[in-house]
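Following: one structure in structure tokens, then a few remarks.
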Amino acid sequence: MSKLQANISGIIKSSVIDGPGNRMVIFFQECNLNCMYCHNSHTIGLCNLCGTCVDTCPTNSLQIDSKNKRIIHNENTCTRCDECLNVCPENSSPFYKQMSVEDIISEILEVKDFISGITVSGGEVMLHAPFLGLLFQEIKLHYDLKHLSILIDSNGNIEQEEWESLLPLIDGVMLDIKAYSAKTHKQITGYSNEKVLKSIEYLNDKNKLKELRFVLTPNYNNDESELREIARLMKSVSPNVGKTLIKMRNHGIRKEFSFLREANTEEMNFAKNIFVQADIDILEI
Amino acid sequence: MEEIKDRVLQVLTDGNLDYRQKKHHLAYIAESTQDYPVISKEATEALNEKIICDLFEGNAPYRPRYVLPDYAYALKNGVNYLELEPPTNFDEAINFLSILYIQVPSITGYSVYLGNIDTLLLDYVGDLSEEEIYNKLKLFWRFIDRTLPDAFVHINIGPEDNAIARVILRIERELKQVVPNLTLKYDPEITSDELLLEANKTVFEVAKPHIANHKMTTSDFKGEYGVVSCYNSLPVGGGSHTLIRLNLKKITDLHSGNAESFISGTLKKYCEMTLDVIEARSKYLVECVKYYDTDFLAKEGIISLDNFSAMFGFYGLAECVNQLMKRSGKELSYGKDKEANQLAHLILEEMKKIVDARELPYCKGNNGKAFFHAQSGIDIDIEESAGARIPIGSEPDIYTHINTVAPHHHLFNGGISDIFHFDETVKRNPSAIVDIIKGAFKKGMRMFTFNLSNGEFIRITGYLVRRSDLKEFREEGSRYGSALFAANSMDNANVDNRVSKRVISNEQVASKY
């Protein structure tokens with residue numbers, strides 16, 4: 001098996017919200033967008049061993065291991081106050097760890113009897129496309145795992161060629177569209193959306209787009225023209241692609257973005273109506 | 001006599017009880033004037049101290065606790081006593097069963113088993129359309145709920161996927177009645193995934209059906225089985241004379257040594273004593289009351305003494321194990337730590353051995369032995385966890401939970417239940433539950449029950465209550481006998497925090513008066 005490793009920020013062994021059936025979800029560290037409303041902002045960056053968290057930890061549970069270039073985390077004394085996550089200047093975490101394909105396979109084997117499949121998520125999981133390729137191949141070759149479905153949860157901000165080799169191995173991709181206008185997209189995520197739009201089109205053509213989600217963020221992407229463009233985009237993909245309108249929730253987002261406001265019922269209804277008018281079957285959550 | 005008069009007056013004047021409930025309680029008081037079946041002085045003391053609990057079955061058993069009529073036999077042969085000819089169509093079959101249900105005795109006064117209803121009725125469908133079946137069954141379901149208002153009244157469907165089973169699930173979701181309680185017999189080789197999915201969607205609405213591991217349960221019985229009352233599996237055409245349960249927490253309190261001497265001494269002694277009580281009560285019912293010689297169900301072959309046995313139950317395993325661990329200087333607890341789980345398993349295996357070694361009279365239904373049952377608790381259990389359950393609030397994640405309890409499920413031919421709790425979000429993804437149920441059965445679980453947070457229905461243990469009924473009951477009484485029991489359970493066990501709950505029955509209510 002390959003020595004290739006990936007930074008894994010967490011594994012949830014039972015999730016009912018990351019695709020059909022009960023699924024194991026593997027979260028990868030590092031993201032190539034920086035969404036204002038990110039609820040897991042500590043999965044955006046990589047640790048640069050600056051030591052801010054080590055100095056801040058009230059129980060002295062963190063230590064720099066300069067030889068191996070990592071943070072040692074003492075789970076016995078840690079109280080999970082998460083102060084380390086709040087102070088990290090890199091939007092990173094001392095908790096993520098390096099795992100090999102083999103490590104992840106053994107985690108899946110533990111719960112194989114209880115799940116329909118796995119979902120890989122992030123961060124932005126497609127930054128780890130070569131690792132994913134190996135992981136998925138291994139699953140498809142494994143006698144006890146080959147029946148599991150594989151879903152990718154991505155922001156779509158990735159070159160087309162990264163998708164190509166993975167598509168035969170996966171069942172589908174769940175993707176977000178944060179805004180249709182490149183300008184708005186940049187305001188919300190810090191980056192433009194050309195690659196995202198291309199990914200949507202490409203995955204739809206290849207019949208691998210499973211779900212398309214839109215997060216309604218008042219004062220950013222909720223004006224009528226923007227919503228009509230999103231509706232047009234949703235209408236352009238296959239009717240089999242699940243469509244979801246998500247209300248941005250402001251719990252758990254970073255302090256500097258606390259000015260973000262959740263949509264009220266009226267705003268949600270306004271957005272929903274635009275999708276309904278466009279004859280789109282959309283789930284509101 | 002003055003004391004009896006006072007108790008009677010209390011029942012007569014209790015505004016929270018309706019006429020039938022009063023009559024039931026008055027009968028209990030009358031029964032209490034009789035001497036208890038002959039048992040040792042020590043066993044009497046254990047009963048008085050609630051070390052051994054007879055679940056308020058009454059002093060003088062005059063009907064079996066659980067009766068599972070062979071409804072298929074009755075439908076085929078008719079019932080002379082009730083002047084019922086074998087039905088020839090769907091309407092007649094429903095009418096036939098409706099009449100028969102009212103006649104089946106139990107401790108609560110309402111039949112605990114209404115049959116494997118889809119199998120029973122399939123023969124009478126003829127050329128009825130699904131809509132016609134739906135309309136007829138809907139009225140039947142309303143009849144059941146209004147005339148047998150007790151959450152222990154239990155009906156079974158499955159394992160085959162069929163139109164009636166599906167219509168029943170649809171009706172359940174629409175009517176949202178507490179009664180009847182419902183079990184789906186599930187076998188991955190027989191039952192379709194679609195039916196299991198329908199069942200799960202129904203659980204989201206009304207917290208039922210339970211899903212029973214059909215393959216495992218079938219292998220424990222000579223003939224057909226039914227799931228009745230609170231997860232009790234028993235032979236069809238028979239049942240259980242009595243259910244006596246042992247309080248493992250209390251006998252651990254009495255024990256002064258370590259785990260080893262507990263298993264070889266105290267546990268053995270009290271298991272035998274519990275079996276003594278079972279034997280005495282069974283004999284009283286058979287020999288003194290002569291129930292099986294006189295009741296029309298037995299006389300007409302709808303039940304047979306040969307299909308009866310008795311049930312040995314227990315509760316408070318978690319507290320027993322945790323205390324024994326503590327005494328050996330280890331802060332290890334059941335559900336969390338491997339060593340504690342191993343001790344729990346050892347205790348259960350030992351109990352099973354003791355129960356299986358004791359030959360009991362009138363227990364041919366289980367080859368002369370009692371059925372072993374993890375009893376799911378009643379409202380008075382404040383300090384004890386139900387059966388072999390992990391204490392409420394201490395449950396580990398779902399996989400650990402299943403992996404902890406599944407290895408002992410095979411021991412309980414009389415039934416066991418564990419309740420799993422899911423967040424509301426699972427409603428959008430019912431196939432997730434299908435995955436977990438399949439996994440749980442693969443690991444050897446016998447019965448799967450789950451609850452959603454904030455559901456209108458609350459599963460106290462094996463039975464259900466509606467949140468609104470509980471609220472109303474506290475204010476003005478309830479049509480359902482079980483609501484009182486549940487209200488007590490809620491008060492004693494904080495059901496709103498619920499992860500799993502306790503059992504109920506009317507007889508405990510009666511003992512209060």
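In the set (1) part of a helix (DSSP H, G or I); (2) more than 26 Å from the chain's Cα centre (by Cα), the condition left unmet by B:E331 is number (1). Of the candidates A:K208, A:K243, the single residue that is assigned by TED's automatic domain parsing to the domain that holds A:I17 and within 23 Å of A:M36 (Cβ to Cβ) is A:K243.
Beta carbons closer than 7 Å, at least 6 apart along the sequence or on distinct chains, pair a first residue in the stretch B:383-410 that is surrounded by 23 or more Cβ atoms within 10 Å (Cβ to Cβ) with a second that is part of a loop (DSSP other than H, G, I, E, B) and among the aromatic types (F, W, Y) for B:I390/B:Y334.
Suppose the filter is within 14 Å of chain B (Cβ to nearest Cβ) and either surrounded by fewer than 16 Cβ atoms within 10 Å (Cβ to Cβ) or on the phi > 0 side of the Ramachandran plot (or both); does A:E90 pass it? When the stated conditions are applied, A:E90 does not pass them.
Filter the stretch A:272-285 down to residues that are under 23 Å from B:K427 (Cβ atoms), among the hydrophobic types (A, V, I, L, M, F, W, C) and surrounded by 13 or more Cβ atoms within 10 Å (Cβ to Cβ) and give me whichever is nearest to the chain's Cα centre (by Cα). Even if it seems obvious, please write down each step before you answer.
Our first condition is that a residue be under 23 Å from B:K427 (Cβ atoms); within the stretch A:272-285, this holds for A:272, A:275-276, A:280-285.
After this cut, where a residue has to be among the hydrophobic types (A, V, I, L, M, F, W, C) as well, the list is A:275-276, A:280, A:282-283, A:285.
Those left that are additionally surrounded by 13 or more Cβ atoms within 10 Å (Cβ to Cβ): A:275-276, A:280, A:282.
On the way: A:F275: 24, A:V276: 27, A:I280: 24, A:I282: 21 Å.
So the residue we want is A:I282.
Within the stretch B:273-329, work out how many residues are surrounded by 24 or more Cβ atoms within 10 Å (Cβ to Cβ) and among the β-branched types (V, I, T). Residues flagged as surrounded by 24 or more Cβ atoms within 10 Å (Cβ to Cβ) and among the β-branched types (V, I, T) within the stretch B:273-329 amount to 6. Just name the residue that is nearest to the other protein chains (Cβ to nearest Cβ) out of those in the stretch A:95-115 that are in a loop (DSSP other than H, G, I, E, B) and surrounded by 23 or more Cβ atoms within 10 Å (Cβ to Cβ). Of everything passing the filter in the stretch A:95-115, A:I115 is nearest to the other protein chains (Cβ to nearest Cβ). Can you tell me which residue is surrounded by the most Cβ atoms within 10 Å (Cβ to Cβ) among those in the stretch A:243-271 that are in contact (Cβ under 8 Å) with a residue 60 or more places away in the chain and either touching a Leu at 6+ places or on another chain (Cβ under 7 Å) or among the hydrophobic types (A, V, I, L, M, F, W, C) (or both)? Checked the stretch A:243-271; the qualifying residue surrounded by the most Cβ atoms within 10 Å (Cβ to Cβ) is A:M248.
Against the test of being farther than 30 Å from B:I380 by Cα and modelled with pLDDT of 95 or more, the options B:A212, B:A199 yield a single qualifying residue, B:A199.
May I ask you to verify whether B:P105 is assigned to a loop (DSSP other than H, G, I, E, B) and in contact with a Gly (Cβ under 7 Å, 6 or more places away or on another chain)? The answer is no for B:P105. Filtering the stretch A:22-45 to residues that are within 20 Å of A:I104 (Cα to Cα), over 13 Å from the mean Cα position of the chain (by Cα) and outside any strand (DSSP E or B) leaves only A:N22.
Considering only the stretch B:183-284, give the helices (runs of 4 or more DSSP H) lying wholly within it that have at least 2 residues that are farther than 27 Å from B:N367 by Cα and touching a Leu at 6+ places or on another chain (Cβ under 6 Å). Talk me through it step by step, then tell me what you get.
Numbers: elements: B:193-206, B:214-218, B:248-254, B:267-283.
Fully inside the stretch B:183-284 and qualifying: B:193-206.
The set of residues in the stretch A:1-43 that are basic (K, R), surrounded by fewer than 22 Cβ atoms within 10 Å (Cβ to Cβ) and within 14 Å of another protein chain (Cβ to nearest Cβ) contains only A:K13. Residue count for the stretch A:46-63 under the criterion of being crowded, with 18+ Cβ neighbours inside 10 Å and either outside any loop (DSSP other than H, G, I, E, B) or touching a Ser or Thr at 6+ places or on another chain (Cβ under 7 Å) (or both): the result is 4.
Could you grab me the full set of residues in the stretch B:352-408 that are outside any loop (DSSP other than H, G, I, E, B) and of a type in the set (D, E, K, R)?
Residues of the stretch B:352-408 outside any loop (DSSP other than H, G, I, E, B): B:352-357, B:364-366, B:371-374, B:398-408.
Within the stretch B:352-408, B:K352, B:K353, B:D356, B:K364 qualify.
Within the stretch B:416-436, the residues that satisfy the criterion of being out of contact with any strand residue (DSSP E or B) (no Cβ under 6 Å at 6 or more places or on another chain), buried (at least 20 other Cβ atoms within 10 Å of the Cβ) and either more than 8 Å from chain A (Cβ to nearest Cβ) or hydroxyl-bearing (S, T, Y) (or both) are B:D418, B:P430.
The values are calculated or read from the model by the stated rules, or taken from the named source; none is laboratory data. Treat the numbers as computed from the prediction; the structure is a model and nothing was measured. Here Cβ is always computed from backbone atoms with ideal geometry, including for glycine, and neighbour counts include all displayed protein chains.
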